[in-house]
1. Over the heavy atoms of Lys74, what accessible area does a 1.4 Å probe trace out, to the nearest 10 Å²?
2. I'd like the accessible area for Thr22, computed on protein heavy atoms only with a 1.4 Å probe and all protein chains in place. Round to 10 Å², please.
3. Quick check: with the 1.4 Å probe, what order do Val51, Val86, Val158, Val45 take by accessible area, largest first?
4. Any lysines with Cα under 23 Å of the Lys150 Cα? List them, leaving off those in the same chain fewer than 8 positions away.
5. Using helices alone, I'd like the mean residue ellipticity at 222 nm for the chain: each DSSP H run of four-plus residues gives -39500 (n - 2.57), total over residue count, nearest 500.
6. Taking the solvent-accessible surface of protein heavy atoms with a 1.4 Å probe, what is the per residue accessible area of the range 79-145 in Å²?
7. Which residue, Ser97, Ser109, Ser149, has the most motion in a Gaussian network model of the chain that connects Cα atoms within less than 10 Å?
8. Round to a whole number: what % of the accessible area of the range 20-175 belongs to carbon and sulfur, probe 1.4 Å?
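The values are calculated or read from the model by the stated rules, or taken from the named source; none is laboratory data. What you see is a predicted model; the values in this text were computed from it and never measured. Only protein heavy atoms, including side chains, enter the accessible area calculation; ligands, DNA and RNA are left aside. Shrake-Rupley method; radii C 1.70, N 1.55, O 1.52, S 1.80 Å.
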Amino acid sequence: EEREKVVTELNNGTYVVDKQMTTKEFLEYWLEKVIRPNRADNTYVSYSNAVRKHIVNHIGNIKLNMLNRGHIQKMYDKEFEKSQDVTETIRTVINSSMNYARKKKLISSEPGKNVRLPKKVKKQAYRTRKIDVKRTLNLEQIKILIEASKKTPIHLQVLFAVLMGLRRGEINGLK
């Protein structure tokens, strides 16, 4: 019976080589043997941080062949509340690693495929600014500043800063 079951799984493409491997064990192997030798150092560091600081905390103890979309969706939802950018990195890691796992017959299907990230949080209205009145010059102070700078070498810089809102580096970069 067991032999027939394995033959059927092989024919269907659902045969799994190692049914005892945890997600954490697989991701550690994938990072060290696949990503580190084949990708840039900063990619490895980014993926490693995503795995060790985020993914393992949520799904590390789950057997790799038992991992499903629900587990991954819960992880995305929790991590998305903290950081949208980190969650996008996590999604990249999950999709890449699970694709590799499927090719190596460690899982029968990719649990991360087509799992969507939560919708983004609404941002503030376009072009609204919160002005700190204590750190902003009023019109009288601006007039005094312009008048005081007239006979100095930085007069033009002061004008650009006050009238156009340019920063020092931007003013110095003008030609």
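1. Here the residue's solvent-accessible area equals roughly 140 Å².
2. Thr22 has an accessible surface of roughly 30 Å² with all protein chains in place.
3. Val45, Val86, Val158, Val51
4. Excluding near neighbours in sequence, the set is Lys175.
5. Only helices count here, giving -15000 deg cm²/dmol.
6. Heavy-atom SASA per residue in the range 79-145 reads 84 Å².
7. Ser149
8. 51
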